[in-house]
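One structure below.
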Amino acid sequence: MTYTLYNRPGSGGFACEAAFELAGQPYELISLDSKPSTPIPEDFKTINPWGQVPTLITPDGTMVTETGAILIYIAGKWPGPQTGPEPWTDAHATLMRWCVFLSANLYEGILRFAFTDRYTTDPNGHRALLEAQAARNQQAFELLEAELADTPFLLGDTMSVADVYMAMLYSWHRERENLPRCTALTHAVAGHPVVAPVWQRNFASRQRTDWGNP
């Protein structure tokens, strides 16, 4: 048996696809016939009762959900110069920090724009919710911008799966003039020779910026 990754083109499973490619590990990709920012088909709940992608099924049948958790799993199982440091080192702790930070503070925040009804029952409150969330997302990226002041990537001079995750989310946030380091990191990830084909397959027709070609 092999690893099976469920995703839909243009969704968060991109980062997991890229992580498998960076690890040099085989996996089966099952793409749902479903567009980002729309509900996942109800029948997918027979695979994942929460009805979300990405969803990873390991060879022994274990289900792993949440992009950050899948990335930490891949980096820990196959550590290396393109995925991440050895598990339970201080550097690995930094990778976990950023993967969880991105999940809690940015991925969930960006979802508020696509699925506003999940986060307020007041239709008159949508504008205020989105304005507040846009400001909060910007604050999170400003923190990451400061973190990148001395190094090109979150863990230093070498790219990891945390950077792949951040680049995906920043591309959804869209380029900001006051975030040049976040922009540079995203171009570097999108242009990485291993990641670029996965990026193009997921995002080339869906984003206005030609990431990977600054």
| task | Kindly list the number of the only condition in (1) surrounded by 19 or more Cβ atoms within 10 Å (Cβ to Cβ); (2) in a helix (DSSP H, G or I) that fails for Ala146. | result | (1)
| query | Got a sec? Which strands (runs of 3 or more DSSP E) wholly within segment 1-99 have at least 3 residues that are free of Cβ contacts under 8 Å to residues at least 24 places away in the same chain? | reply | 63-65
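Filter segment 173-214 for residues that are of a type in the set (S, T, N, Q) and part of a helix (DSSP H, G or I); which is farthest from Leu130 (Cα to Cα)?
Gln200
Results for (1) under 19 Å from Ala75 (Cβ atoms); (2) small (Gly, Ala, Ser); (3) not assigned by TED's automatic domain parsing to the domain that holds Arg8, shown as yes or no for each residue.
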| site | (1), (2), (3) |
| --- | --- |
| Arg112 | no, no, yes |
| Thr116 | no, no, yes |
| Glu131 | no, no, yes |
| Asp157 | yes, no, yes |
| Ala162 | yes, yes, yes |
| Trp172 | no, no, yes |
| Val198 | yes, no, yes |
| in contact with a helix residue (DSSP H, G or I) (Cβ under 9 Å, 6 or more places away or on another chain) and among the small types (Gly, Ala, Ser): does that describe Gly68? | yes
| said: Residues that are of a type in the set (Val, Ile, Thr) and not assigned by TED's automatic domain parsing to the domain that holds Pro41: does segment 77-86 have at least one? | reply: yes
| query | Scanning segment 192-214 for residues that are modelled with pLDDT of 95 or more and more than 17 Å from Gly10 (Cα to Cα), which turns out farthest from the chain's Cα centre (by Cα)? | reply | Pro193
| task | Please work out which residue is surrounded by the most Cβ atoms within 10 Å (Cβ to Cβ), limiting yourself to segment 104-126 and to residues that are touching a residue at least 60 places away in the same chain (Cβ under 8 Å) and touching a helix residue (DSSP H, G or I) at 6+ places or on another chain (Cβ under 7 Å). | result | Leu106
| query | Picking from Leu129, Leu154, Leu185, which residue would you name as being over 20 Å from Phe14 (Cα atoms) and in contact (Cβ under 8 Å) with a residue 12 or more places away in the chain? | reply | Leu129
| query | Can you tell me which residue in segment 175-214 is surrounded by the fewest Cβ atoms within 10 Å (Cβ to Cβ), limited to those that are aliphatic (A, V, I, L, M) and touching a Pro at 6+ places or on another chain (Cβ under 8 Å)? | reply | Ala184
| note | Within segment 169-206, residues farther than 23 Å from Glu108 by Cα and among the hydroxyl-bearing types (Ser, Thr, Tyr) come out as Ser205
| Number of positions in segment 32-55 that are touching a helix residue (DSSP H, G or I) at 6+ places or on another chain (Cβ under 7 Å) and among the basic types (Lys, Arg) | 0
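The values are calculated or read from the model by the stated rules, or taken from the named source; none is laboratory data. Keep in mind the model is a prediction, meaning the values are calculated, not measured. Every residue, glycine as well, gets a Cβ built from its backbone with ideal geometry; the counts of neighbours run over all protein chains shown.
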